[in-house]
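Visitor: One structure, as C-alpha cells, below. Some questions next.
The values are calculated or read from the model by the stated rules, or taken from the named source; none is laboratory data. Computed from a predicted structure; not experimentally measured. Cβ coordinates were reconstructed from backbone atoms using ideal geometry, including for glycine residues, and neighbour counts include every protein chain displayed. Heads up: the accessible areas ignore ligands, DNA and RNA and are worked out on the full protein's heavy atoms, side chains in. Shrake-Rupley method; radii C 1.70, N 1.55, O 1.52, S 1.80 Å.
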Amino acid sequence: MIPVLMPTYNRAELAFERGEGAWLWTADGRRYLDFGAGIATSSVGHNCRHLVAAIAEQAGKVIHTSNLYRIPEAERLAARLVSATFADSVFFCNSGAEANEGMIKLIRKAMAETGRPERYRIICFEGAFHGRTLAALSATGNAKCLAGFGPPVDGFDHVPFDNMNAVRAAIGPATAGIIVEPVQGEGGIRVPSPRFLRDLRAACDEYGLVLGMDEVQSGMGRTGKLFAHEWSGIAPDVMAAAKGIAGGVPMGAILAREAFAKHFAAGTHGSTFGGNPLASAAANAVLDVILAPGFLAEVERKGRELHAELEAIRRDFPDLFEEVRGFGLILGLKCRVPQADVQQACLAEGLLVLTAAENVVRLTPPLVITDADIAEAVAMLRRGAARCMSAAEAAAAQ
C-alpha cells in the first residue's frame, strides 16, 4: 500500500522534534550535529532566538494578505536586498525552482520587449541543478530527472561547465542569455576557475545577452559574501535566490537590474504566497544576522578552517577520499567508495551530511556553527571514515 506521503523521497528513519544552533534532537533524545542544514536552508541555525521572535511577532499580527495589497515587510526586505546587491528591484516567490522559473521568464520577456522575440534560448551547464518545475528541469538537463515527464521545455542549450570555448560555440542568433551557478551544489560542489564568471560577463556584454545567476544554494552568505558571484568581481543582470533567505520559512526571490526588472509589468508574473508578511518578517530577521558586522568574515574564516580539516582527513584516508571541493561553508569530499557508505557511517556517529553528484559527500552546515561544532564534526567524520575502512577491510577478508 502506498504511504500517505507520496514516496518521492528515500527518507532516513529519523524524525526531529527540536533543534538548537547546529544540533537536532529526536523524540527519544538522540542528538545529531546537522551539517546539511535542511539542504543549505537553515542558514542561521535551529531555534535562532531572533528569527523565532520575528516569526512569532508577525504571526500574532497577520500571516498573509496576498499581493493584491502593499506588504510593508516585503518592501523593507526588497530595499535591503537592493542596497546590499547589484539589483534595482526584487520579486518574491516561494522556492528556488520558482525563482529560477521566473528568471527564465524574465530573460525571455526582456528580449521580446526590446524587439528581439526570436531570442529565447538560454545556455545552461552540464551538472547544473535549477529545480523541479518543467522549465527548471529542462534548464537542468538531467535525463534521469526528466524521465517520464514528456518532452522537455524547448529553449535550453547545455555545454560543459567552466568551458568558455563551448559557451562561445553555443551562442547563436536565438540565444537570449546564460544561466550559471557560481558553485554547482547538487552537481558535486563544482567551483569554476576564477576567471570563468568574468568571461561569461564579458561574453554577455559582447553579444547583448542576459547573464542570469542561480544563487539558490550558494547565496545568502554561504561562501563568506552575501552572494558567491561577488568573489569574481562581476555582477549578473538577473539572479535567483532562495534556501537560506528566510532561515527555513519557504521563500525565493528574483533580483534584477532595472533594465530587466521593468519588463515584469503588472499582470506579467505573480505569486499568491510570495513575500507574504510572515515570510518577509523571517527573511528580514535572517538579514539582520547575516549583515551584522563581522558575520560574513566569520563564515569565511570557519570555512577555511573546515576546509583545512577536510584536507587533513583526505590525506589520512586516501583510500576513501580523493578531493576536497568548495569554499566557505559549501564544501564536499569526493569519495573513492560509494558516497552512501560514508553518509551512513557519519550518521552512525551522529553527523548529518548530504550527498551530491560525482560521488561527493556534501557539507553545508548552518552559518552560525561554532569552532566547537567544527571540531566535533571533524571528530565524527574521522570516526565515520574509520568505520568505512573497517567495513571495507572486513569485506575484502571474506
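Visitor: Of everything in the range 241-257, what is open to solvent by less than 20 Å² (accessible area, probe 1.4 Å), out of contact with any Gly (no Cβ under 6 Å at 6 or more places or on another chain) and not in a strand (DSSP E or B)? Give them in sequence order.
Guide: Gly244, Ile245, Ala246, Met251
Visitor: For the range 215-240, what are the residues that are charged (D, E, K, R) and in a loop (DSSP other than H, G, I, E, B)?
Guide: Glu215, Arg222, Lys225, Asp237
Visitor: I'm told Val52 meets every condition in (1) β-branched (Val, Ile, Thr); (2) part of a helix (DSSP H, G or I); (3) open to solvent by less than 50 Å² (accessible area, probe 1.4 Å) except one. Can you identify the failing condition by its number?
Guide: So the condition that Val52 fails would be (3).
Visitor: Of all residues in the range 184-218, which are open to solvent by less than 30 Å² (accessible area, probe 1.4 Å), farther than 23 Å from Ala143 by Cβ, within 14 Å of the chain's Cα centre (by Cα) and not charged (D, E, K, R)?
Guide: Met213, Ser218
Visitor: Take Arg70 and decide whether it is in contact (Cβ under 8 Å) with a residue 12 or more places away in the chain, out of contact with any Cys (no Cβ under 9 Å at 6 or more places or on another chain) and of a type in the set (D, E, K, R).
Guide: No.
Visitor: Among the residues that make up the range 360-380, is at least one of them of a type in the set (D, E, K, R), under 23 Å from the mean Cα position of the chain (by Cα), closer than 22 Å to Gly187 by Cα and surrounded by fewer than 22 Cβ atoms within 10 Å (Cβ to Cβ)?
Guide: Among the residues of the range 360-380, not one is of a type in the set (D, E, K, R), under 23 Å from the mean Cα position of the chain (by Cα), closer than 22 Å to Gly187 by Cα and surrounded by fewer than 22 Cβ atoms within 10 Å (Cβ to Cβ), which makes the answer no.
Visitor: Does the range 85-93 contain any residue that is in a helix (DSSP H, G or I), open to solvent by 40 Å² or more (accessible area, probe 1.4 Å) and within 30 Å of Thr140 (Cα to Cα)?
Guide: Looking for residues that are in a helix (DSSP H, G or I), open to solvent by 40 Å² or more (accessible area, probe 1.4 Å) and within 30 Å of Thr140 (Cα to Cα), one finds none in the range 85-93, hence no.
Visitor: Also, I was wondering about something else. Taking the options Gly332, Gly275, Gly384, Gly303, name whichever one is assigned to a strand (DSSP E or B), touching a residue at least 24 places away in the same chain (Cβ under 8 Å) and surrounded by 22 or more Cβ atoms within 10 Å (Cβ to Cβ).
Guide: Gly332
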